[in-house]
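Here is the structure we will look at, set down as structure tokens.
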Amino acid sequence: MRVSLIVASEPDSFNHKQRNFFASIAAQTYPHYAFELILVDGQGKASTSRAFSEFRQQYPAISASLLRSPSPARATQNNMAAAQAGGDLLIFLADDFDPSPGLIAAYVEYHILNPDLNAVGIGPGLFPDNFRKDIFARWLEDSGKIFGVPMRRILAVWPKTFFYAGNASIKVTTHPYK
């Protein structure tokens, strides 16, 4: 299954993206030839362009595009990337955490096991254990107050109206923009 990994770039107050985010994309266990990365920069930051350029040089086998958006809004950036995507599966990924090596493979497996065209894969973004020392990080993941469900729950019952676009996937049957 061809996958389009869509990432809306947002402000990076922790300055971690340039160090870890792209390395996490390259560490994916899903075959590099079977996915594309579409990064949308709504901030117009030189550091994002530099980091993306370095990523492309280090990992030329991964198909990757950097789009510039006139808006910093995640929805606008996601729509812009979806219009360019060539995958059968779109994974919307927040850039404020580093994806685990099996992230893409897990979404593909979910959609293979759930062939309904309306199935949406939803996954949490979790802090590394050393970040969980911070009370806010623990509250954010464990309470469910921000996203509607606790992120560390093993078997979550997701509300029918829940959609967290920071880490979610949908199937594409046709490409309406093409």
- prompt: Hey, does the range 78-91 have a residue that's under 23 Å from F131 (Cβ atoms) and either in a loop (DSSP other than H, G, I, E, B) or out of contact with any Ser or Thr (no Cβ under 8 Å at 6 or more places or on another chain) (or both)?
  reply: no
- prompt: When residues of the range 49-73 are filtered for being part of a helix (DSSP H, G or I) and either surrounded by fewer than 18 Cβ atoms within 10 Å (Cβ to Cβ) or without any contact (Cβ under 8 Å) to a residue 24 or more places away in the chain (or both), how many remain?
  reply: 7
task: Just need a number here: residues in the range 138-178 that are modelled with pLDDT of 75 or more and loosely packed, with under 10 Cβ neighbours inside 10 Å.
output: 0
task: Give the residues of the range 95-125 that are over 17 Å from A34 (Cβ atoms), under 13 Å from the mean Cα position of the chain (by Cα) and not in a loop (DSSP other than H, G, I, E, B), sorted by residue number.
output: I122
query: From the residues in the range 29-48 that are outside any strand (DSSP E or B) and either in contact with a Leu (Cβ under 7 Å, 6 or more places away or on another chain) or of a type in the set (F, W, Y) (or both), which one is surrounded by the most Cβ atoms within 10 Å (Cβ to Cβ)?
result: Y30
- prompt: Among all residue pairs at least 6 apart or on different chains, which show Cβ distances below 7 Å where the first residue, located in the range 87-116, is at pLDDT below 90 and the second is assigned to a loop (DSSP other than H, G, I, E, B) and surrounded by 17 or more Cβ atoms within 10 Å (Cβ to Cβ)?
  reply: L93/P99; A94/G125; A94/G166; D95/E10; D96/E10; F97/G125
statement: For the range 74-112 the number of residues that are crowded, with 20+ Cβ neighbours inside 10 Å, β-branched (V, I, T) and more than 16 Å from P124 (Cβ to Cβ) is 1
- request: Any residue in the range 118-137 that's closer than 23 Å to A105 by Cα and at pLDDT 80 or above: show its pairings with residues that are among the aliphatic types (A, V, I, L, M) and in a loop (DSSP other than H, G, I, E, B) at Cβ separation under 8 Å, as long as the two are six or more apart or on different chains.
  value: none
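The values are calculated or read from the model by the stated rules, or taken from the named source; none is laboratory data. Keep in mind the model is a prediction, meaning the values are calculated, not measured. Note that each Cβ is placed from the backbone with ideal geometry, even for glycine, and that neighbours are counted across all protein chains shown.
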